[in-house]
Amino acid sequence: MEGRLDGRVAVVTGAGSGIGLASARRLASEGARVVCVDVNPRGGKELADELGGEFVACDVADEAQVRDLFDGVAERHGRIDIAVNNAGISPPDDDSILVTGLEAWERVLRVNTTSVYLCCKYVIPHMRRQGRGSIINTASFVALMGAATSQIAYTASKGGVLAMTRELGVQFAREGIRVNALCPGPVATPLLLELFAKDPERAARRLVHVPMGRFAEPGEIAAAVAFLASDDASFMTAAEFVVDGGITGAYVTPR
Ligand SMILES: NC(=O)c1ccc[n+]([C@@H]2O[C@H](COP(=O)([O-])OP(=O)(O)OC[C@H]3O[C@@H](n4cnc5c(N)ncnc54)[C@H](O)[C@@H]3O)[C@@H](O)[C@H]2O)c1
């Protein structure tokens, strides 16, 4: 059977773990040649070998490294059809605004928002030359609603990703380039599961707000990435694509 993404070249940042890892696997399973990018070679390198793809070590918050990443992929593979700008951090020193220091704020904004600016800045010229491309920027449901369990820099960083995505989607809509933001709800990544296993009350405080009563599996987010990357989403751009188990639609959830 033909794959939806046969012949496409995809770059996935943060491919060494979680949503990025699942997305790289899913894109490859649909026929794409996948370039796995991560600041940490552990995970990403292994995945690239498994998928018959390529691993590139890159800090997405560093301008020169991001420029070299996309120029290098275009040179080696001839084109870049899909960019999944997914790498992000959510460190413990990002908390309530009352205790979060400027250093943590700037670090989170740099890795989560400036990185998306850099990745879009350096991939779009290649996509313009081709007259086609799909960019998926990972935001979060917290860009759409407030949490009393605050991570102030993270929330602001994802709001920035949403606004930037909307503007880029509009600006390049007539050049065949689609730019969409993905807003996942909480995902059952190993880190989150470990945290909540140690602290069931913390998990329960969040789960009560999820109509489906569970966290997402990384593969469920990856399925949305593959859809946005594919021609099935050909009339979608500048959108906020919410995959959150119903959180943003809920007032009272089922018992
Ligand atoms: N897990 C969730 O519940 C959830 C929910 C909504 C949105 N998100 C977003 O989804 C994205 C992926 O999250 P995840 O849960 O899979 O995280 P994760 O921690 O499992 O994986 C993130 C990957 O990004 C890499 N990375 C971090 N900083 C980097 C940098 N400067 N340059 C290159 N790579 C870097 C890490 O090494 C890691 O492999 C993030 O943007 C996150 O904010 C996650």
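Quick notes on this one:
- Once region 212-224 is narrowed to residues that are within 12 Å of the ligand (Cβ to nearest atom) and assigned to a loop (DSSP other than H, G, I, E, B), the residue that is surrounded by the fewest Cβ atoms within 10 Å (Cβ to Cβ) is E217.
- Of all residues in region 29-48, those that are farther than 24 Å from D231 by Cβ and of a type in the set (A, V, I, L, M, F, W, C) have Cβ atoms under 8 Å from Cβ atoms of residues that are modelled with pLDDT under 95 and not in a strand (DSSP E or B), 6 or more apart or on another chain, in L47/G53.
- Just one of the listed residues (I152, I221, I247) is over 21 Å from E30 (Cβ atoms), at pLDDT 95 or above, of a type in the set (V, I, T) and in contact with a helix residue (DSSP H, G or I) (Cβ under 6 Å, 6 or more places away or on another chain), and it is I247.
- Among (1) over 18 Å from P190 (Cβ atoms); (2) surrounded by 18 or more Cβ atoms within 10 Å (Cβ to Cβ), the one test that E2 misses: (2)
- E50 vs. criteria more than 20 Å from the chain's Cα centre (by Cα), more than 10 Å from the ligand (Cβ to nearest atom) and not hydroxyl-bearing (S, T, Y): yes
- Residue match in region 156-174 (condition: closer than 16 Å to V11 by Cα and at pLDDT 95 or above): no
- Selected residue (only one of I124, I177 is crowded, with 22+ Cβ neighbours inside 10 Å and either charged (D, E, K, R) or more than 10 Å from the ligand (Cβ to nearest atom) (or both)): I177
- Of the residues making up region 161-211, those that are among the charged types (D, E, K, R) and either under 20 Å from G246 (Cβ atoms) or part of a loop (DSSP other than H, G, I, E, B) (or both) are D199, R205, R206.
- Pairs where the first residue, in region 86-106, is closer than 11 Å to Q151 by Cα and the second is of a type in the set (D, E, K, R) and near the ligand (Cβ under 10 Å from one of its atoms), C-beta under 6 Å, 6+ apart: none
- Within region 180-207, tally of residues that are among the hydrophobic types (A, V, I, L, M, F, W, C), modelled with pLDDT under 95 and near the ligand (Cβ under 7 Å from one of its atoms): 2
- Lone unmet requirement of (1) away from the ligand (no atom under 11 Å from the Cβ); (2) outside any loop (DSSP other than H, G, I, E, B); (3) in contact with a strand residue (DSSP E or B) (Cβ under 9 Å, 6 or more places away or on another chain) for I80: (2)
- Every test in (1) more than 26 Å from W105 (Cα to Cα); (2) touching a residue at least 60 places away in the same chain (Cβ under 8 Å); (3) more than 15 Å from the ligand (Cβ to nearest atom); (4) buried (at least 16 other Cβ atoms within 10 Å of the Cβ) is passed by F227 save one, and that test is (2).
- Only residues that are touching a Ser or Thr at 6+ places or on another chain (Cβ under 8 Å), within 14 Å of the ligand (Cβ to nearest atom) and either part of a loop (DSSP other than H, G, I, E, B) or more than 22 Å from R166 (Cα to Cα) (or both) were counted in region 83-121, giving 4.
- Restricting attention to region 32-47, the residues that are surrounded by 22 or more Cβ atoms within 10 Å (Cβ to Cβ), within 11 Å of the ligand (Cβ to nearest atom) and either among the aromatic types (F, W, Y) or part of a loop (DSSP other than H, G, I, E, B) (or both) total 0.
The values are calculated or read from the model by the stated rules, or taken from the named source; none is laboratory data. Remember, it's a predicted structure, so these values are computed and weren't measured experimentally. Here Cβ is always computed from backbone atoms with ideal geometry, including for glycine, and neighbour counts include all displayed protein chains.
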